[in-house]
Amino acid sequence: MGLRNWIVLLTALCLMAGCKKAGSEEQFPNKNIESVEAKSPLSDTQGDFQVVEPGSVYTGPIEIPLPEASGQVVYEENGITVDASNTEDGYLMVKGFASDTRLKVQITLNEETYTYDLNQEQEYEVYPLQMGNGTYGVQVFQQVEGTSYSPVYYTEVEVEMPDTDRVFLYPSQYVWYTNDKNAVKLSYDLCAELDSDKEKAERLYDYIVNLLTYDYEKAATVEKGYLPDVDATLQERKGICFDYSALFAAMLRAQDIPVRLAIGYVQPDNIYHAWNQVYLDGEWVWMDSTFGPESAYTEENYTKERQY
C-alpha cells in the first residue's frame, strides 16, 4: 500500500559557512515513504494485554535528565540565540526571532548535515549533537519567498563529549517529552517492578506493539514539518512509524536507557521508515515496534541514514 507525504525528513546539502546568498528549498528536500501493511497488534481484549492508566502504579518521584539553557555559553546575532552551555551532554539550544515565514536550522560536522525547523515563537528548540565530537557549524535560514531561503546566521561550536552516547538520553526536537508527560509517567508505571534495562525495554516494546495500530490515513495526509506528540499518540492509540519510534524512545530515555530514533530504508521493499536502536548490555540492539515481533524483516534488511 502506498503511503505518501509521510514527513519532511530534512536532508540538506552542506552550505557555505558565511551568510552570503539566498538558497532554494530544494536544499531541504522532502522524502516520501512507501510502506507495506504493518502487523496488526493485539487489542486490549486479546491475550493478556491490559491498558495501564498513566500514573496509576508508580507514585514516587520522577527524575529524568532535561535540557537547560543555562546561559553560560551563548552566541547571539541577528535575532538568533544559540545556547551551547551543555554540549558535553549532547545537545545545544537555538532560539529564533518572530517571523511570518519559516526558519530552518542546519547543524553540520565535517561532511554530515542535519536540518531542522525552528519555531517562530522565540522559544528555544533542542537539537542533538549526534555526529560526535568536533567543530560543529550552526546555520539559520529564513524563508524569503516560496521555496527560496536566505542564510541569516552562522556560528561554530566546539563540542567535546566525554560520552558520545549521552545525547540519546535527552529529549530533543524529534523525541520531545518532559517529566509531566503521560508517556514518562507510563514508563515508570510499566517498569516499576523491573530491574534490568533489558527487562524494561522488552516491557515497553511489548506494550507499544499491543497498544498502537498503524494510522494509514495520517500517513497519507501528514503535513510538512510534522513532529510526533508522544502523549497524543498514547491517547489516540495509533500513529505512523515516526510516532511509534518517538514514543518508544521517550519512554526508554525516561528510564535512563540510551535509545536512538533511526531513519532509513528497509529492503527489499525500499520502505522509508523509522525504528529504534536501544543500548543494552554494551551494544546497540535493533527494535522496530511498528512492524512488531511477527515482522518478516530482520535487522539485516535495515539501512540507517540518520539518527536522533
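Looking only at segment 181-198, which residues are assigned to a loop (DSSP other than H, G, I, E, B) and either touching a residue at least 40 places away in the same chain (Cβ under 8 Å) or closer than 26 Å to R306 by Cα (or both)?
Listed by number, the residues that qualify are K181, C191, A192.
Quick check on my filter: what residues within segment 130-173 are part of a loop (DSSP other than H, G, I, E, B) and β-branched (V, I, T)? Even if it seems obvious, please write down each step before you answer.
From segment 130-173, those part of a loop (DSSP other than H, G, I, E, B) are 130-133, 146-147, 160-165, 170-173; that's our starting set.
T147, T164, listed by residue number.
Could you look through segment 286-308, keep only residues that are touching a helix residue (DSSP H, G or I) at 6+ places or on another chain (Cβ under 7 Å) and in a strand (DSSP E or B), and pick out the one that is farthest from D215 (Cα to Cα)?
W286
If a residue must be over 27 Å from A220 (Cβ atoms) and either assigned to a strand (DSSP E or B) or within 21 Å of the chain's Cα centre (by Cα) (or both), how many such residues does segment 263-285 contain?
7
Of the residues Q120, Q106, which single one is in contact with a Leu (Cβ under 8 Å, 6 or more places away or on another chain), part of a loop (DSSP other than H, G, I, E, B) and at negative phi?
Q120
Condition first: over 19 Å from the mean Cα position of the chain (by Cα) and exposed (fewer than 15 other Cβ atoms within 10 Å of the Cβ). Can you find one or more residues in segment 164-181 that meet it?
No, every residue in segment 164-181 fails to be over 19 Å from the mean Cα position of the chain (by Cα) and exposed (fewer than 15 other Cβ atoms within 10 Å of the Cβ).
Taking segment 232-248 on its own, how many of its residues are in contact with a Phe, Trp or Tyr (Cβ under 9 Å, 6 or more places away or on another chain), free of Cβ contacts under 8 Å to residues at least 60 places away in the same chain and assigned to a helix (DSSP H, G or I)?
Matching residues across segment 232-248 total 4.
Residues of segment 265-285 being without any contact (Cβ under 8 Å) to a residue 60 or more places away in the chain and surrounded by 13 or more Cβ atoms within 10 Å (Cβ to Cβ), which ones?
Across segment 265-285, the qualifying residues are Y265, V266, A274, W275, N276, Q277, W284.
Got a sec? Which of V285, V259, V222, V278 is in contact with a strand residue (DSSP E or B) (Cβ under 8 Å, 6 or more places away or on another chain), closer than 29 Å to D180 by Cα, of a type in the set (V, I, T) and modelled with pLDDT under 95?
V222
Counting residues that are within 30 Å of Y214 (Cα to Cα) and touching a helix residue (DSSP H, G or I) at 6+ places or on another chain (Cβ under 8 Å), which strands (runs of 3 or more DSSP E) fully inside segment 43-96 reach at least 2?
Details: elements: 74-77, 80-83, 91-95.
By residue number, no strands (runs of 3 or more DSSP E) qualify.
Whether any residue in segment 221-231 is assigned to a helix (DSSP H, G or I) and in contact with a Ser or Thr (Cβ under 8 Å, 6 or more places away or on another chain) is what I want to check.
Looking through segment 221-231, none of the residues is assigned to a helix (DSSP H, G or I) and in contact with a Ser or Thr (Cβ under 8 Å, 6 or more places away or on another chain).
So which residues in segment 50-73 are surrounded by 11 or more Cβ atoms within 10 Å (Cβ to Cβ), over 24 Å from the mean Cα position of the chain (by Cα) and within 30 Å of F97 (Cβ to Cβ), if there are any at all?
Answer for segment 50-73, where residues must be surrounded by 11 or more Cβ atoms within 10 Å (Cβ to Cβ), over 24 Å from the mean Cα position of the chain (by Cα) and within 30 Å of F97 (Cβ to Cβ): just V73.
Here are some residues: G137, G146, G132. Which one is of a type in the set (G, A, S), outside the structural domain of R253 (by TED's automatic domain parsing) and either within 18 Å of the chain's Cα centre (by Cα) or closer than 30 Å to L234 by Cα (or both)? Please lay out each step first, then the result.
Working: G137 fails: either within 18 Å of the chain's Cα centre (by Cα) or closer than 30 Å to L234 by Cα (or both); G146 fails: either within 18 Å of the chain's Cα centre (by Cα) or closer than 30 Å to L234 by Cα (or both).
The conditions single out G132.
The values are calculated or read from the model by the stated rules, or taken from the named source; none is laboratory data. Keep in mind it's a predicted model, so treat the numbers as computed, not measured. All Cβ positions, glycine included, derive from the backbone under ideal geometry; neighbour counts span all protein chains shown.
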